[in-house]
Amino acid sequence: MDELLQFLIAGLKNGSIYALVALGFTIVFAATGAINFAQGEFFMLGGMLGVFFAGLGLPLPMAAVAAIAATAAIGAVFELLAVRPIKGGDPLRIIMVTIGGSVLLRQMALHLFGPDELPLDPFTEGPSLKLLGAAVERQTLWIWALTGLAVVALALLYRRTTFGRAMRATSIQRDAARLVGVNARAMVTASFALAAALGAVAGLAVAPLTQASFHVGAGMGVKGFAAAILGGLGSPVAAVGGGLLLGLLESLTAGYIDPLYKDAVALVVLLVVLFVRPQGLFGGSGRVKM
């Protein structure tokens, strides 16, 4: 039981990270109808910029806030310069542009920060905690807390604020939103910024455990996309459920079958779901429900 509990804790830790990345995919898909394959690079930038700002002498909390804000700004600029010029907002062209953008962001990070893995101090120092015989790293508690906080904040944004309602209206029916005075273009830009911020939070949270590196974005992008598809790309709640489930599947595969197959789980899950249930395990047939 101790071993099983340890695998479950590891799965929920990784699943929480996948959930944050999956939320970014869902938010952009809601606004554009396309998949933003640069989402993994926003994850990478969160960790790299956190290390950069901490290296400038900023306290860790301030460095984290600065990294999230800078990544959100990069996401907004990316939409303004690369996505918005696409006439008609053709989803296929947007997908191709985001793939090119991910390569560009990765190469820029390589040249700016170098090829080495960079450490980031844990948010809370101290030994691992014990939970029913299993060890829980203090940074894991931060990952869970930040994921929960992000989900609650996102729900409040969409349901309790005028800005959030405008984003929902744009995602549901852009033309109708324009008719009632919503600036749809601004909402799309805000969606990219919000998705980038969520990716940065995930990157920051995991960096003390794995270190930050320019090459981590592609792999995390695949897993975040698989999580979003597994849960259902039409709903943020479903995306979170898909992330947690994917993390548990990976952890149990590594623990009880073979660690070599751990990274293949996301691809297998992605292919199976696309063939058997394209709307995801928790999703419906509509585009987005927030």
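The values are calculated or read from the model by the stated rules, or taken from the named source; none is laboratory data. For clarity, every value in this text was computed on a predicted model and none was experimentally measured. Every residue, glycine as well, gets a Cβ built from its backbone with ideal geometry; the counts of neighbours run over all protein chains shown.
Looking at region 198-219 only, could you name the residues that are surrounded by fewer than 24 Cβ atoms within 10 Å (Cβ to Cβ) and either on the phi > 0 side of the Ramachandran plot or in a helix (DSSP H, G or I) (or both)?
208, 209, 210, 211, 216, 218, 219
Hey, any hits in region 264-276 for a residue that's under 17 Å from the mean Cα position of the chain (by Cα) and not in a helix (DSSP H, G or I)?
No, every residue in region 264-276 fails to be under 17 Å from the mean Cα position of the chain (by Cα) and not in a helix (DSSP H, G or I).
Do we find a residue being of a type in the set (Phe, Trp, Tyr), crowded, with 24+ Cβ neighbours inside 10 Å and modelled with pLDDT of 95 or more anywhere in region 28-42?
Yes, region 28-42 contains a residue that is of a type in the set (Phe, Trp, Tyr), crowded, with 24+ Cβ neighbours inside 10 Å and modelled with pLDDT of 95 or more.
Would you say residue 230 is in a helix (DSSP H, G or I), crowded, with 24+ Cβ neighbours inside 10 Å, more than 14 Å from the chain's Cα centre (by Cα) and not polar (S, T, N, Q)?
Taking the combined requirement at face value, the residue satisfies it.
Looking at residue 191, is it buried (at least 22 other Cβ atoms within 10 Å of the Cβ) and either hydroxyl-bearing (Ser, Thr, Tyr) or in contact with a Cys (Cβ under 6 Å, 6 or more places away or on another chain) (or both)?
The answer is yes for residue 191.
In region 200-237, what residues are at pLDDT 90 or above and either of a type in the set (S, T, N, Q) or in contact with a Cys (Cβ under 6 Å, 6 or more places away or on another chain) (or both)?
Of everything in region 200-237, just one residue is at pLDDT 90 or above and either of a type in the set (S, T, N, Q) or in contact with a Cys (Cβ under 6 Å, 6 or more places away or on another chain) (or both), namely 213.
Considering only residues that are touching a Pro at 6+ places or on another chain (Cβ under 6 Å) and surrounded by 18 or more Cβ atoms within 10 Å (Cβ to Cβ), which ones fall in region 107-138?
Answer for region 107-138, where residues must be touching a Pro at 6+ places or on another chain (Cβ under 6 Å) and surrounded by 18 or more Cβ atoms within 10 Å (Cβ to Cβ): just 120.
Starting from region 243-262, take each residue that is closer than 17 Å to residue 19 by Cβ and list its partners that are assigned to a helix (DSSP H, G or I) and of a type in the set (D, E, K, R), counting only C-beta distances under 9 angstrom and pairs at least six apart or across chains.
Cβ pairs passing all conditions: 243/223; 246/223; 247/13; 247/223; 250/223; 251/13.
Starting from region 19-42, keep only residues that are touching a residue at least 24 places away in the same chain (Cβ under 8 Å) and within 17 Å of residue 147 (Cα to Cα), then list their pairs with residues that are of a type in the set (A, V, I, L, M, F, W, C) and in a loop (DSSP other than H, G, I, E, B) whose Cβ atoms are within a distance under 8 Å, requiring at least 6 positions of separation or different chains.
Short answer, once both residue conditions are applied: 25/35; 25/233; 26/233; 26/288.
Does residue 245 satisfy being part of a helix (DSSP H, G or I), within 30 Å of residue 4 (Cα to Cα) and out of contact with any Phe, Trp or Tyr (no Cβ under 6 Å at 6 or more places or on another chain)?
Against the criterion (part of a helix (DSSP H, G or I), within 30 Å of residue 4 (Cα to Cα) and out of contact with any Phe, Trp or Tyr (no Cβ under 6 Å at 6 or more places or on another chain)), residue 245 qualifies.
Quickly run through region 43-58 and pick out the residues that are among the small types (Gly, Ala, Ser) and either surrounded by fewer than 24 Cβ atoms within 10 Å (Cβ to Cβ) or out of contact with any helix residue (DSSP H, G or I) (no Cβ under 6 Å at 6 or more places or on another chain) (or both).
Residues satisfying the conditions are 54, 55, 57.
Where in region 70-185 are there helices (runs of 4 or more DSSP H), lying wholly inside it, with at least 1 residues that are under 26 Å from residue 60 (Cα atoms)?
91-113, 138-160
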